[in-house]
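Enquirer: Sending over a structure as structure tokens; questions will come in a sec.
The values are calculated or read from the model by the stated rules, or taken from the named source; none is laboratory data. All figures in this text were calculated on a predicted structure; none of them were measured in a lab. All Cβ positions, even for glycine, are placed from backbone atoms using ideal geometry, and neighbour counts span all protein chains on display. For accessibility, only protein heavy atoms count, side chains too; no ligands or nucleic acids. Shrake-Rupley method; radii C 1.70, N 1.55, O 1.52, S 1.80 Å.
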Amino acid sequence: MKLKNLAFVLVSTTVCLAAAEPARAELAYFAGGNTMSIKAHRMEGDSLVLSLRSGGEIICEPSTVVRFGPDEVPYPEPQAEAAALPKVNVLPETVPYGEIIDGLAARHGVSAKLVRAVIKVESDFQERALSRSGAMGLMQLMPGTARRFAVADPYNPRQNIEGGIKYLKLLLNRFRTTALALAAYNAGEATVDRFRGIPPYAETHNYVSRILRIAGQ
């Protein structure tokens, strides 16, 4: 996925449940030619605040948005949709490689629940998983990451999990929050640095929110 040169900072907000009825939205037209459907916008001091349809806000420089227009497509409030869905993405107490995960997580001082959630989202506990981009094994280590943490065999469950935990710990120590660390695990450290927060990509936002939900954070 190509990176866009928009310096956004995601700010989480508390969302209240609402009735599932069509709501109006706006289209934000960015200077780079992209558009985004948003719930509303406002100015706060010298900053432009975009309220997202899925909840949360993006703060950006006013110059990054050329204009706003109406979004004629009605949509149901996402909170009401979420309330209607059954609870999903809850891991059972027993998972494949659970003892290895728990032991290595304790050794390196990382939450075992967080590691289990990362593995669930990354590979669904498939030790031979290989992505199109070349990420390998349970924690989907890229070749450079495997070398960085001395993982000789990325398809060996113990080696892969330990390499992934070491990388996750590095990210947790480097970035301010678990959410930022997960965003860096997904999109790369440089991407989080560039945007000074979670990048404005649906894939990364979904990745972070799903892992945090599974891990109970």
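Enquirer: Would you tally the residues in the range 125-141 being without any contact (Cβ under 8 Å) to a residue 12 or more places away in the chain and surrounded by fewer than 18 Cβ atoms within 10 Å (Cβ to Cβ)?
Expert: So the count comes out to 5.
Enquirer: Kindly evaluate I58 against the criterion of being at pLDDT below 95, under 25 Å from Q217 (Cα atoms) and buried (at least 18 other Cβ atoms within 10 Å of the Cβ).
Expert: yes
Enquirer: Only residues that are at pLDDT below 75 and either of a type in the set (S, T, Y) or open to solvent by 70 Å² or more (accessible area, probe 1.4 Å) (or both): list them for the range 16-31, please.
Expert: Within the range 16-31, C16, L17, A20, E21, P22, R24 meet the criteria.
Enquirer: Please tell me if S37 is small (G, A, S), at pLDDT below 80, open to solvent by 70 Å² or more (accessible area, probe 1.4 Å) and within 24 Å of the chain's Cα centre (by Cα).
Expert: For S37, the condition - small (G, A, S), at pLDDT below 80, open to solvent by 70 Å² or more (accessible area, probe 1.4 Å) and within 24 Å of the chain's Cα centre (by Cα) - is not met.
Enquirer: Can you name the residue in the range 61-101 that is polar (S, T, N, Q) and in contact with a Leu (Cβ under 7 Å, 6 or more places away or on another chain) and is also modelled with the lowest pLDDT among such residues?
Expert: Of everything passing the filter in the range 61-101, Q79 is modelled with the lowest pLDDT.
Enquirer: If the requirement is being assigned to a strand (DSSP E or B), open to solvent by less than 30 Å² (accessible area, probe 1.4 Å) and at pLDDT 85 or above, which of these qualifies: L48, L104?
Expert: Exactly one residue qualifies, and that residue is L48.
Enquirer: If you check every pair at least six apart or on different chains, which have Cβ atoms under 9 Å apart with a residue in the range 142-164 that is closer than 19 Å to D102 by Cα and without any contact (Cβ under 8 Å) to a residue 12 or more places away in the chain first and a residue that is open to solvent by 20 Å² or more (accessible area, probe 1.4 Å) and of a type in the set (G, A, S) second?
Expert: That search, which allows pairs on different chains as well, returns Q159/A150; Q159/A152.
Enquirer: Can you pull out the residues in the range 157-216 that are surrounded by fewer than 21 Cβ atoms within 10 Å (Cβ to Cβ) and of a type in the set (D, E)?
Expert: Within the range 157-216, E189, D193, E203 meet the criteria.
Enquirer: If I go through the range 188-217 residue by residue, how many of them are out of contact with any strand residue (DSSP E or B) (no Cβ under 8 Å at 6 or more places or on another chain), touching a residue at least 60 places away in the same chain (Cβ under 8 Å) and aliphatic (A, V, I, L, M)?
Expert: 4
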